[in-house]
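To keep things clear, I will list the structure first and then write my remarks on it.
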Amino acid sequence: MSLKLKALLKSPWVFHLSTGSCNNCDIEILDCLTPRFDIERFGMLLTGSIKHADVLLVTGSCNRMSVERLKGLYEQVPKPCLIVAIGTCTGSRGLFIDSYNCPVPLDKIIPVDVYIPGCPPKPEAMIAGIVKLIQKVGGS
Amino acid sequence: MGKTIIPIGPYHPLLEEPELFTLTVDGETVVDIDMRMGYNHRGIEKLSEGLVFDNSTFVVERICGICSTSHPWAFTRAVEDIFPMEVSMRAKYIRTIIAEGERIHSHLLWLGLAGHFLGYNTVYMWAWKLREEILDVMEILSGNRNSYAMFKPGGVRRDIKAEDIPICLKKIDSIVPTLIMIKKAVLDDPVLHARLKGVGVLSYQDAIDFSALGPTSRASGVARDVRKDSPYGAYQEMDWNMIVTQNGDVLDKAVVRILEMIEAINIMKYCLENLPDGEIDACIKDVPPGEGIGHIEAPRGETFHYVKSDGTNRPVRHKVRAPTFMNLPTYKATVIGQTISDATIILAAIDPCYCCTERVAVKNDGGKMLYNGQDLVRLSQEKTERMRRRMGVK
Amino acid sequence: MNLNLIIDALKNPNGFFVATPLSTLCAVFATMFFIFTVIYSLKHMQGRTGLWRYYIYLLATFIATLGIFFSTTFIVLLVLWGFLGLLLYLLIAFGRREGTPEAARKALVIVGGTDVLMLLGIILIWKLTAGSSGLSGLLFMRIDSAAGIPLSGTLSIVAYLSLASAAFAKAGAMPFHTWVPDTAENAPIPVTAYLPASLDKLLGIYFLARITLDVFQMTSYMNTILMALGSITIIAAVMMALVQHDMKRLLGYHAVSQVGYMVLGLGTGNPVGIAGALFHMFNHSIYKSCLFLSGGVAERKAGTSDLSKMGGLVKSIPLVFVTFLIASLAISGVPPMNGFASKWLIYQGVINSGGPLWVLWLIIAMFGSALTLASFMKLIHTVFLGQPSEGVKKVLSEKKKRVEFSTVIPIMVLSILCIGLGVFACKIPFAECFRPEVRGQLDLPGIWQSGLATLMIMTGLVIGYLIYLAGTIKKARTVAPFVGGETLEKNPEMRVSGVNFYKTVKDIGILKVIYRLADKKLFDLYEVSMKIVAGFGLVFSFMHNGLLSRYILWCLIGLVVICIVLI
Amino acid sequence: MTREEVLQDIRERFGEDILEFLDKISTRVYIDIKAESIVRMCLYLFRNLGARFQTASGTDMPPHIEILYHFIIEDINLVISLRVWLNRENPEIASLAKEIEAFNWIEREISELLGVTFTGHPDPRRLLLADNWPECVYPLRQDYEEWDETADRTRGV
Amino acid sequence: MTIIYLVVFGFFATAVLGLVTSWIDRKVTARVQYRVGPPFLQPFIDIVKLLGKETVIPAGASREVFLSAPLLGLAGVIAVSTILWVNQFFAEGFAGDWIVIIYLLTVPSLSLIIAGFASGNPLASLGSSREMKLVIAYELPFILAMLVPVIGAHSIRIGGILEAQTTGIFAGSISGILAIIVAILCVQAKLAFVPFDIPEAETEIVEGPLVEYSGPALAVFRLMKNMLLFVLPFFLIILFFGGMRLNGINLLWTVLEYVGIVAVITVIRNTNPRVRIDQAVRFFWGPMTLIAAVAVILALNGL
């Protein structure tokens, strides 16, 4: 494993993208930063600009307005970047599968590396998911 | 000279959910504001129309993660208003406990985020650390951190066990000193005062005209609280104060929320200590044709649900109006003439919840969702078990 | 009149004109600017009517300037000085803006008005020194013959102030500065670069240096006044520059502000400060003309000098951006540019000047640099960087032909000079170059190691570049800018033009009041005197309205007054 | 004013505008009114009776579209819902947004989700739906059908 | 020889110490917030990671200007730190290097400003304009505060200032204390830390000038900021505490002084909300300038 990849896995900066979620996953993502979970231990930081991001945390059920922006934003991330889909909405679209405003599942729009199910997934689950992702990438 | 627009959003660190605010600025001064919604619209109102009444509570819970008690309660009240019927006293108490718990955690969340938006990350971390305690209490009571799934038309889904009550009371008591400490740290900080006082003033008349709700209106001197105006739940059973301040600026909105947290703790404690015995569920069989209105005081203001039934087990129309829907337009009245830096905190002071605002209207076509509802119940049950095991609670 | 005296003077070639190292240097620079202006004008002024007059005026200005530099007598200097004022008026009139006639008139009134003061000053000097030798003495009074008039009596102070105000007006120091921004805004760019930006600075400061050092014996009191005037000029002009909306006007205010440094340096009264002032004079003329000429290219490209309508020009004129940036860094005194070298000398002079107020002058001078940097950052953003405005986008899409060679040559040479004079500042023998104004030893604790600092910065750049190479810089990919998910193409209004960058500063406390007064032109000597004149006119017209009844009223009042006085 | 006085006042003042008066329970009153009198009544309730505007809800009930304006008078805990019936083919009603800010967004929402035209609305842009949403397709109508052929309704994962 | 100083001390030593300081800052912040905080090597890992990332250049920006802006800032910091190191441990330095340092310290800000402008992003432009306003706000009290040691030492050479403090450090006098208070707040603003992180206000204008930067260019910027985090306290120590003395017990003092200054900066940043830009300008031009002026007057009177 090259040094750069190693460094990437030790310092993944996450950017949070909501595509029409119920806010629960988003709040739990923020929760990961707070004293009880403190993902800065693993070198993770929540960044404000997508140009600094290494990991995209996508939440929500991809509604029409968001989908257009999501495609553009995915282009803007400097590669390599990993996509984490958080919550049931991003995985199976849960309740919203028949909604008139949520036409496409996330994995039809951008390639997803890992799904973290739950409504909302607990912060522990999110951290575990990202750690698993890191192991997966590190192992390959 | 052409105008200059500074966008806030849709993907902006200020906003947890996507939303676009375009500030027209002159230098750093905001001269005009426009809002573009729709990044969060999922059509829940339409979806809800396809679900049976029991399952709709799950959908409305997913209107918003932070208001995951307010919407179900308003919805169940709307359904009960169709009959009309009253639920049992114990169910009312349990509902009140859950709602007040949510109010505390929502206000703490707001306080933390407001600190974060001001670059005051210490407040953010402290408030959210405290919030974790409340979430633990909620997890003991309901089995879940956020979406509690406690409500159903006619009562509540889960009872509160007698042995959980002392644990919860102890935890609640333990957060009071920290809360008072944070209150002092926040409200006596001269820099915060300099930053918040006189900023984003919503006048009394504007609050009336925009029909502002909740803390947003109460900070402007409009004494408006559904819990007092149109009593429901167990709020009549005890004494508590409605917090009203007069200035309408961001500082006052913070004061209202912080003082409300302390009131909420008192209400919650009273309810836990005086929980009456009795049935928790009235087991509704058939909903008669008709229409009902349910409105309750969510942390952000009045949540309003309107349900129309045609006598089948599904609503014909379910209309959801979240408090932010009424509060967000006041942004326009408060932000103009302020600077961009203030614009962000003024926006935050409304405590906007966009997913509520763009909710899902549910009206629909099939029992497909049923599966989902059960799924969620199962999920939340599993989680509760895990949590309980970990915390050593039986 | 003694005819022999004239014949003697004419016989002796050194009688009227003499070359010193400093005046020669000035003349060299004047020549350089003349050549550059002519080269630049070839394209820039193309297609205008009456161009032959324009070039003749340029040439006449050049010759008169040389005359002033080398002249040894007051009267020759005065005549040429007045002639220059007239030429300035004529050259400004080549502008094609709405405000051009007014600006030209303003310049003429201020410069011409101070010429009269200059005459007064010369007569007073004549009175003070050779009053007995008759009118011919006045005519042939050499500038250095009057050396060392002590500034003790009222007459000598008035004489000094009269001469100094002529120098201030020419150089554009406060309080006679107001013609400079107006001229900058309304005159053609080459004219501004030629006269107010370079030649007038050389002339004004050269003359000020001569009277300060050759004619009078400065007292610490007068030095303090000079330094105070310099400091006020620095800070006030740069504060005005911060909030301007027009590129040329903004540059014009800087032409004023920088004069403050020179006056400050001269006011220190010690060789280091004076050397700094004179060095700054040359540096200023270099980077200021570079700025004006580069700005001229940008203006022609964008078709306007209104800042709110410019932006994003770097893509079409990258070379001009570089020269503009270099000149901006130089004027802001960023090491290792030439502006820093001369400012460094001035600071050193201020620190050596003694007296309790040196801290104040030093602070103002250094803070003025920060403000200069601020307003140039605004300019760089608004003109070259940032998102292109609608108008500029249109221009860019039209694919006009490239910038002409002849306009680029002068600005290139000037910007190279900016760097060169800065990097090799420690190699310049100031004492030799600036004789006779810099007398005695340059009592320096060593000049600043400009070469060493340059080496440091170069190494830093190389290290940074190596870091880039260690990374994956080559794989750079172009993507849309991140504005929260929206795209700029769909939202052309998401463009910060930068015009109002410093509005926040403008609105702070007392500054708000000052700026409001400045907007009302209350600090503009010209406007104020115009208003006073107009006010008198109003009073007189009120008194003389031609109605018999009012005249009778005046008569009655007069009668009453006389009665009261008599009784 | 007490509850009875308020209701009496409304009855007297708007006698001919009221089609039906349903006094459901002590806290709920539903009043069916003519569509053209909506502005007068809402303004009266809002300005003179001090009622707070809660929201408006539109329902597609073929052959009509029904709009309910909910007001609450907080002092007496009374929710008053004004009901108007509109023609489904060409629903049109006067806008209140220019008078009272609180009506602005909800009218925009109803107009895009149900296709009701609010005449005289100061800002009749879209509020919720995406830019590429087709004209004249209203998701909350009973006859709404999927229009997007690219929509994927499979569970995927 | 100069090159060796430059590379070894000006760059490597400063960079390493700067990254360590940045770790201290993050760790203390985390502890104040009841968190664990990042591991020791985290700042280094961040830099290495950024080097390995792709660089994206915003459309509409000038590629050359965009990429060269970070280099300018880095060069400025390296020059400053070299001058400081050389004065501290090796040689005399040159005349008037105090002025040169004051000027060079604006170069990092300058590079940020140009970077923001070159991004062609409205948020970055706004951030840059705020940075510029902040520079003109703190420059006045900063120069005044920095003048106190100059007055005390009657020299504008860093060497001279160090020499003058062999008998007694300036921090021991009233004027010195006042000047340090002002200087630390100005340093706070120079580092763009809360309460003066106005140019990079994450929740207002994303990351301000840095919003478009990624990969190695961002790495250089971060390196520059971290180096600044070392250089500025170092500069204060030289001016007010008689420099770093590495003999015997003085070594402990030096470390304490340094960590103390860093800790004060960190604590200030964790106990304050961000102020508005106009408030910042008022603050610096009002009370701060006043205090600094008092300090200068006291220093002129030998106090």
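Readers should treat all values here as calculations from the given coordinates under stated rules, not as data from a laboratory. Note that the structure is predicted; figures quoted are calculated from it, not measured. Here the Cβ is made from the backbone with ideal geometry for all residues, glycine too, and neighbour counts use every protein chain on show.
Brief remarks follow.
- Inter-chain shielding of D:54-63 (mean C-beta neighbours from other protein chains, 10 Å cut-off): 6
- Distant-in-sequence amide contacts of residue A:46, defined by a placed amide H-H separation under 5 Å and a gap of 5 or more residues or a different chain, comprise A:14.
- When the Gaussian network model of chain B links Cα atoms closer than 10 Å, the mean-square fluctuations of B:94, B:160, B:296 top out at B:160.
- With contacts taken as Cα pairs under 8 Å at a separation of at least 6 residues, chain C carries a relative contact order of 14 percent.
- Over 14 Å [Cα-Cα, region C:520-566], rounded percent: 65
- Likely footprinting exposure, D:100, B:265, fewest C-beta neighbours within 10 Å first: D:100, B:265
- Here is the list for region D:2-68: GluC sites (Glu not before Pro) lying in DSSP coil, each with at most 15 other C-beta atoms within 10 angstrom of its C-beta, are D:16.
- For residue C:245, residues with placed amide H under 5 Å, excluding near neighbours: none
- Residue of B:25, B:244, B:60 that the Gaussian network model of chain B assigns the largest fluctuation, springs spanning Cα pairs under 10 Å: B:25
- Percent antiparallel among DSSP beta bridges (both partners in the protein assembly as shown, rounded to 5): 70
- Mean ellipticity per residue at 222 nm, deg cm²/dmol - from DSSP H runs of n ≥ 4 across chain E, formula -39500 (n - 2.57): -22000 deg cm²/dmol
- Separation between Cα centres of region A:79-104 and region C:148-176, rounded to whole Å: 79
- Karplus (6.51, -1.76, 1.60) ³J(HN,Hα), θ = phi - 60°, over region E:237-250, in Hz, Gly and Pro reported as x: 4, 5, 6, 10, 10, x, x, 7, 10, 9, 9, x, 5, 4
- Considering only C:70, B:14, B:143, the residue lying farthest towards the positive end of the dipole of the protein assembly as shown is C:70, judged by Cα position with unit charges set on Cβ.
- 0 to 90° range, to nearest 10: angle between helix C:525-543 axis and chain C longest Cα axis: 50
- Charge dipole of chain D about the Cα centre (unit charges at C-beta), most positive-ward option of D:8, D:71, D:22: D:8
- If only the Cβ of Lys and Arg carry +1 and only the Cβ of Asp and Glu carry -1, the dipole of region C:17-460 around its Cα centre is close to 1140 debye.
- Annotation: amide H of residue E:56 within the under-5 Å range of C:477, E:214, sequence separation 5 or more or interchain, hydrogens built in the peptide plane.
- Note on chain B: Rg/Rh from C-alpha atoms, Kirkwood Rh, equals 0.97.
- Helices in chain B that qualify as membrane-span-like (whole DSSP H runs, Cα extent of at least 27 Å along the helix axis, mean Kyte-Doolittle hydropathy of 0.0 or higher) are B:89-117, B:121-142, B:164-187, B:250-273.
- For region A:3-139, size of Cβ-based charge dipole, Lys and Arg +1, Asp and Glu -1, in debye: 400
- In region E:38-143, GluC sites (Glu not before Pro) in a DSSP loop with at most 15 other beta-carbon atoms within 10 Å: E:92
- Two-site label geometry, residue E:163 and residue C:158: point separation in nm, points 7 Å out along Cα→Cβ: 5.1
- Chain C - convex hull of the alpha-carbon atoms, volume per residue in Å³: 232
- Per-residue ³J(HN,Hα) for region C:480-487, Karplus 6.51 cos²θ - 1.76 cosθ + 1.60, θ = phi - 60°, Hz, x for Gly and Pro: 6, x, 8, 10, x, x, 7, 10
- Taking the fewest neighbouring Cβ atoms within 10 Å as the starting point, the ordered list for B:125, B:89, E:227 is B:89, B:125, E:227.
- Whole-number D in µm² s⁻¹ for region B:10-110, Kirkwood Cα-pair radius fed into Stokes-Einstein, 25 °C, 0.890 mPa s: 148
- Think of the protein assembly as shown as a dipole: +1 on every Lys or Arg Cβ, -1 on every Asp or Glu Cβ, centred on the Cα centre; then among B:53, C:110, B:295, C:110 lies furthest on the positive end.
- Average beta-carbon neighbours from other chains, 10 Å sphere, peptide A:83-94: 3
- Note on C:239, C:262: ascending count of other Cβ atoms within 10 Å places them as C:239, C:262, the fewest first.
- Here the dipole of chain D is about 400 debye; that uses its Cα centre as origin and unit charges on the Cβ of Lys and Arg (positive) and Asp and Glu (negative).
- Computed over chain D, relative contact order equals 17 percent, with contacts defined as Cα pairs under 8 Å that lie 6+ residues apart.
- On Cα atoms only, tilt of E:289-300 relative to the major axis of chain E in degrees: 30
- Each principal axis of the Cα cloud of region E:2-300 was evaluated for its coordinate range; sorted largest first, these ranges are 57, 43, 42 Å.
- Between 0 and 90 degrees, the angle of helix C:405-423 with respect to the longest Cα principal axis of chain C falls at about 80 degrees.
- Build a GNM of chain B with springs between Cα atoms under 10 Å apart, and of B:110, B:240, B:73 the one that fluctuates most is B:240.
- A quarter of the convex hull surface defined by the alpha-carbon atoms of the protein assembly as shown gives 70.0 nm² as the mean projection.
- Cα centroid of region B:28-79 to Cα centroid of region E:232-303, whole Å: 52
- Between region B:327-344 and region E:175-203, the alpha-carbon center distance in angstrom: 28
- Computed 3J(HN,Hα) for region C:262-279, one whole-Hz value per residue from the Karplus formula 6.51 cos²θ - 1.76 cosθ + 1.60 where θ = phi - 60°, is 5, 4, 4, x, 5, x, 5, x, 10, x, 5, x, 5, 4, x, 4, 5, 5, glycine and proline marked x.
- Per residue of chain C, the DSSP helices (runs of n ≥ 4 H) give a summed -39500 (n - 2.57) that works out to -23000 deg cm²/dmol at 222 nm.
- Excluding exposed DSSP-loop GluC sites (Glu not before Pro) (at most 10 other C-beta within 10 Å), longest clean stretch of chain C: C:99-397
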